[in-house]
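Undergrad: Sending over a structure as structure tokens; questions will come in a sec.
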Amino acid sequence: MKKYLWVVLVIFLASLAAFNISCQKISCGLKSDLPWCNSTLNDADKEYTAGNYEKAISLYQGYLNGSPDQKRVQEVKDKISTAYYSLGEAALNQKNWQDAINFYSQTQNQEAPSKISQCNFNLGEDAFAKQDYYSAVHYYSLSQESGVQDKIKAAQDALAPAPIAGATVAPGATVAPAPVAPKPPESVYSILAKTAATKEDAQALVGELKGKGYGAYYGGGSVNAGFKVYVGSYSSRSGAEATLGKLQRFEKGYKGAYVLKVK
């Protein structure tokens, strides 16, 4: 008789544990910030308040990818947008123009387009100072800043030095070689990871990739073309292909990714 009682007790305890786990899962789906839930809004909010925006974004995205409370979805999206804007501001202050552009492009903040324009202008200025006039023209053309057309013309003029008017050569004198325009910069490559149907999907993919250590951003966007999610900027095709191989081997859903030449 005791033997049967032990069997019944074991079955009862196992059933109770399974029931408790099921209740926890249900309650987490209904209210995601309960203390026993694995990924909670409380955790994300703590990181957000502490200024750990990339960690906060990752947690918020995890929440949205689960079974979020629909009443809180927009609140979470707004926090993600603000977090990306804050990351853009930090990168801008540190003069990391390209990082700032990547962050600003993922926020809904109305100031973002003007900040992106400013960053592209600054990239053009940096390239011009380095006599990389091809890149200068490229970045200036992406900017809407005042006087940018004059900057573009100056960079284009630097690429094609005008001949010296009225110059004469004495008999037997050696003619100095004409100035040589700077060589174009090395080709730049990127990885087209995926094309998302909506901006929200693109933001989620970028957040997922950034959480795994990839330098991701998205661009473009229309009802027909979708939003393209990119990884990295590489000075050689081999560097881009190395990251592509890692992406396809270790991450799910990126088998169709490929390397493309940006310039």
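Rule-based calculations on the coordinates, nothing more; no lab input. Since we're looking at a predicted model, the values are computed, not measured. Cβ: placed from backbone, ideal geometry, glycine included. Neighbour counts: every protein chain shown.
Undergrad: Under a point-charge model restricted to the Cβ atoms of Lys and Arg (+1) and Asp and Glu (-1), what is the dipole moment magnitude of segment 189-261 relative to its Cα centre, in debye to the nearest 20?
TA: 200
Undergrad: Given 20 °C and 1.002 mPa s, how large is the Stokes-Einstein diffusion coefficient of segment 112-158 in µm²/s, with Rh as the Kirkwood radius over Cα pairs?
TA: The calculation lands on 214 µm²/s.
Undergrad: Give the long-range amide H neighbours of Tyr218: residues separated by 5 or more places, or on another chain, with amide H under 5 Å away, using H modelled in the peptide plane at 1.01 Å from N.
TA: Under 5 Å from the amide H of Tyr218 lie the amide H atoms of Tyr230, each far enough along the sequence or on another chain.
Undergrad: Which pairs, out of Lys199/Lys252; Lys71/Lys95; Lys46/Lys246; Lys95/Lys261, put more than 29 Å between their alpha-carbon atoms?
TA: Lys71/Lys95; Lys46/Lys246
Undergrad: Students often check this: by mean Cβ neighbours within 10 Å, which of 74-81, 95-102 ranks highest, and how do the rest follow?
TA: Ranking, from highest mean packing down: 95-102, 74-81.
Undergrad: Continuing with the same structure: For Glu125, what charge total do you get from the other residues with a beta carbon under 14 Å from its beta carbon, if Lys and Arg give +1 and Asp and Glu give -1?
TA: For residues surrounding Glu125, the net value is -1.
Undergrad: If the only charges are +1 at each Lys and Arg Cβ and -1 at each Asp and Glu Cβ, what is the size of the charge dipole of segment 39-108 around the Cα centre, to the nearest 20 debye?
TA: For segment 39-108, the charge dipole is close to 60 debye.
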